[in-house]
Amino acid sequence: MFRTVARTLMLMALAAAPPSGLAWTQQASMPPPAVPGSYARVNGTELHYEVRGNGQPLVMLHGGVDPSEMFGAPLVEMAKHFKVIAIDARGHGFSKDTNAPWSCEQAADDVAAVLTQLKIDKASVMGYSFGGAIALQFAIRHPDRLDKLVIVSAAYASKGQYPEVRTAFEQMPAMADSIGGEIAKSPLGKKYPGVDWPTMMRKTGELNRQDFDWSTGVRGIKARTLLVFADADFIRPEHIAEFYKLLGGGQRDAGFDGSLRSPNELAVIPGTTHYTLMASPAVTQYSTAFLAHQIVL
C-alpha cells in the first residue's frame, strides 16, 4: 500500500493535478502566478492567502502536498458564488513554516487568525482531506466563527482509515527524503519552489500516523454541515455512515415531505477515489448548492 501511496504522490507531482476528469483537470493544473495574493503573519509564521470573488465569505482549505488540487478549478468555480479566502497551510504552497510539528488544531487556529486579520467575523469553511481535518477542528475550536461547514474526504477518527493507509503514513517519514527529492524535481516542485519537500513528506507522515478521535467534538457541532466522500475513498464506508450519524443524520425515515430529515447532508460521488475526488465537478456542484441553500435534484 505504501508503494501505492508513494506512486500516487509521484503521479500528482508529475501531473500537478488530480488524475481524472480531463477538462476539469486541465483547468485545475494551470500553474498559479508567481506568489499571488498576500501574507498574514500569524502564530509565529507567515501564511499565504488569496481572496477571490464576492458574496458570503468562504474559506477553502486544500489537501496535503498539492494545493492546486483545491486552488485550481474548484477555487475558480466557488469564487463565482462566494468571496473565497484560499489559505495555504504551514509549509504548503507559498506559506512559510516553523520547526514545530504540524497539527490540525494549530492549523485551525491559523485559519481563525487569518480571518481576524481580514476583519471577517464569521465564514463558511470547506476543506478537502488534510484541509477537511483542519476545517473540522475549526468547527470544534472556533464555533462562533463558523457559518456552514463542508468536509470533503476526511475522517473524524484515525480508525476511519483503512489499515493499509495507516501503515503507509507510519512508513512515510522514513521515505521522506527520496519522495520529497523526486517531487522537488517535478513540475509540482517548480510550481511551489519555496517548499521543503522532504520536510513536508516527513511532517505529513508524522502528523497522519497519530491516533485521534474527535467524535465528542463532532457531536457538538451546531453549524449546518455537508459531508462529501468518494465511493471508493480511503475512508471506510462504515466510518462515513457513522460520521453522518454523529451529526444527526441517518437516524430515521425523513418522512414523505422530508420534514424529519437532518439539516446536515451527505454526498457520495460515484466513480471517484480519495485521490481523484476533487477532479469531479460534482464536489463543487453539491457544495455550492448546500452553501447557497439550494436543492440539487
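The values are calculated or read from the model by the stated rules, or taken from the named source; none is laboratory data. Please read these numbers as outputs of a predicted model, since none were measured by experiment. Please note: Cβ atoms are built from the backbone with ideal geometry, for glycine as well, and neighbour counts cover all protein chains shown. For accessibility, only protein heavy atoms count, side chains too; no ligands or nucleic acids. Shrake-Rupley method; radii C 1.70, N 1.55, O 1.52, S 1.80 Å.
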**Study point:** Stretch gain in nm, segment Q56-T199, where the contour uses 0.36 nm per residue and the Cα spacing is subtracted
**Key:** 47.9 nm
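Work out the FRET efficiency for S215 and R141 from their Cβ-Cβ distance, taking R0 = 22 Å, and round it to the nearest 0.05.
Efficiency for this residue pair is about 0.90.
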Check your understanding: Taking amide hydrogens as modeled 1.01 Å from N in the peptide plane, which residues meet the under 5 Å criterion relative to E265, leaving out close sequence neighbours?
Key -> T225, L226, L227
Exercise for review: Give me the distance in nm between label points sitting 7 Å out from Cα along the Cα-to-Cβ direction at Q285 and E105, one decimal.
Suggested key: 4.0 nm
Point to revise | Neighbour cut-off at most 11 other Cβ (10 Å), DSSP loop, trypsin sites (Lys or Arg not before Pro), the stretch 108-150 | key: K119
Point to revise | Average accessible surface area per residue within the chain, 1.4 Å rolling probe, Å² | key: 44 Å²
Point to revise | Two-site label geometry, K245 and K222: point separation in nm, points 7 Å out along Cα→Cβ | key: 2.6 nm
Revision key, fill the gap. Note on the chain, DSSP bridge orientation, antiparallel percent to nearest 5 equals 30 percent
Study note, to complete from the structure: Under the 7 Å Cα-to-Cβ spin-label approximation, L260 and R41 lie apart by a distance in nanometres of 5.8 nm
Revision key, fill the gap. The chain: relative contact order from alpha carbon pairs under 8 Å, six or more residues apart, as a whole percent, is 19 percent
Practice item. For the pairs K119/K222; K83/K159; K80/K191; K80/K185; K80/K148; K159/K191, note any where the Cα-Cα span goes beyond 27 Å. Key: K83/K159; K80/K185; K159/K191
**Study point:** For G249, distant residues with modelled amide H under 5 Å away
**Key:** none
Revision key, fill the gap. Per the C-alpha gyration tensor (a ≥ b ≥ c, the square roots of its eigenvalues), the stretch 73-175 is rounded if a/c is under 1.5, else prolate if a/b beats b/c, else oblate; here it's prolate
Check your understanding: Here are several values of mean projected area of the Cα convex hull in nm²: [x] 18.0; [y] 27.4; [z] 14.2. Which one was derived from the coordinates shown?
Key -> [z]
**Study point:** Selected from H274, I85, S259, residue furthest toward positive end of dipole (the chain; charges at beta carbon)
**Key:** I85
Review point. If you plug each phi of the stretch 65-76 into the Karplus form 6.51 cos²θ - 1.76 cosθ + 1.60 with θ = phi - 60°, what whole-Hz ³J(HN,Hα) values come out, in order, with x for Gly and Pro?
Key: 6, 10, x, 5, 4, 8, 9, x, 4, x, 4, 4
Check your understanding: Using θ = phi - 60° and the Karplus curve 6.51 cos²θ - 1.76 cosθ + 1.60, what whole-Hz ³J(HN,Hα) does each residue of the stretch 209-226 get, with Gly and Pro shown as x?
Key -> 8, 6, 6, 8, 8, 9, 4, 4, x, 4, 4, x, 5, 9, 5, 4, 10, 10
Review point. At a 1.4 Å probe, what is the % contribution of carbon and sulfur to the accessible area of the chain?
Key: 53 percent
Revision key, fill the gap. Residues whose modelled amide H sits under 5 Å from the amide H of S95, counting only those 5 or more places away in sequence or on another chain, are H48
Exercise for review: Compute the relative contact order of the stretch 75-166 as a whole-number percentage, counting only Cα pairs closer than 8 Å that sit 6 or more residues apart in sequence.
Suggested key: 22 percent
Review point. Once you charge only the Cβ atoms, +1 for Lys and Arg and -1 for Asp and Glu, what is the size of the charge dipole of the chain about its Cα centre, to the nearest 20 debye?
Key: 340 debye
Practice item. Taking a cut-off of 25 Å between Cα atoms, list the lysines near K190, but don't count ones fewer than 8 places away on the same chain. Key: K96, K203
